[in-house]
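Worksheet: the structure to be examined is printed underneath.
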């Protein structure tokens, strides 16, 4: 079987150079320590899915819209509608924080990891606390997202990691994060080149204590010479990638 490798500096337990890990890498570890280990130590990355360009377009449109109210120092209509006493937060580093390759970052000296992640937005309330905000887009009937169970729990974890990063950088951060969710409508008689959405705002009560614990577990994982166990997956039925690779191995083995 041909290994699929990608070009990136791999983790070296003997190196004293800080190792960069994006927010999504933490998610990878929580989904499956084995796949995480294979990617970071061996350079074998799981096949990636397609990029959702329509979602990226919605993200950019939301950023442009909230930036207008940021300059005006006024609340966005969705804040007024949901009685959220905030305005978009203005900061000279906002463009860098939004950059997926730079983002907000923190050097955890205990593990020597540099954790970073690119945010969508930040709001500030009257008490000068920051609220981490993420934009999402989908097109579902009977739209009822669940951020505590199922695959959408990763959205909540994403906000919690960003909250942890801003706290580590000395900011006053509220434990309430928000998800602005746009759900596309498919019940129109005419398309006319225009896609319309219903907009939802979901407040999430978050906690960040788990992040330090997981970083320590990631450190132990990467410094081990033993291949870790496969993860449980978000649905509790095991890692799909590991199950797929095992089936392939059994097929090749039986035909060799």
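The values are calculated or read from the model by the stated rules, or taken from the named source; none is laboratory data. Model, not experiment: these values are computed from the prediction. Note: ideal-geometry Cβ built from the backbone for every residue, glycine included; neighbour counts use all protein chains shown.
Overview of results
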{"item": "In segment 71-86, residue surrounded by the fewest Cβ atoms within 10 Å (Cβ to Cβ) [restricted to those that are touching a strand residue (DSSP E or B) at 6+ places or on another chain (Cβ under 7 Å) and without any contact (Cβ under 8 Å) to a residue 24 or more places away in the chain]", "result": "73"}
{"item": "Meets criteria (surrounded by fewer than 17 Cβ atoms within 10 Å (Cβ to Cβ), without any contact (Cβ under 8 Å) to a residue 40 or more places away in the chain, assigned to a loop (DSSP other than H, G, I, E, B) and assigned by TED's automatic domain parsing to the domain that holds residue 162) for residue 90", "result": "yes"}
{"item": "Meets criteria (modelled with pLDDT of 95 or more and in contact with a helix residue (DSSP H, G or I) (Cβ under 7 Å, 6 or more places away or on another chain)) for residue 78", "result": "no"}
{"item": "Tally of residues being in a loop (DSSP other than H, G, I, E, B) and closer than 30 Å to residue 221 by Cα across segment 121-145", "result": "0"}
{"item": "Condition check for residue 65: in a helix (DSSP H, G or I), at pLDDT 95 or above and closer than 20 Å to residue 211 by Cα", "result": "no"}
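Listed here are the residues, each with its yes/no results for (1) over 30 Å from residue 14 (Cβ atoms); (2) surrounded by 15 or more Cβ atoms within 10 Å (Cβ to Cβ).
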| position | (1), (2) |
| --- | --- |
| 166 | yes, yes |
| 169 | no, no |
| 181 | yes, yes |
| 186 | yes, no |
| 200 | yes, yes |
| 211 | no, yes |
| 218 | no, yes |
| 239 | no, yes |
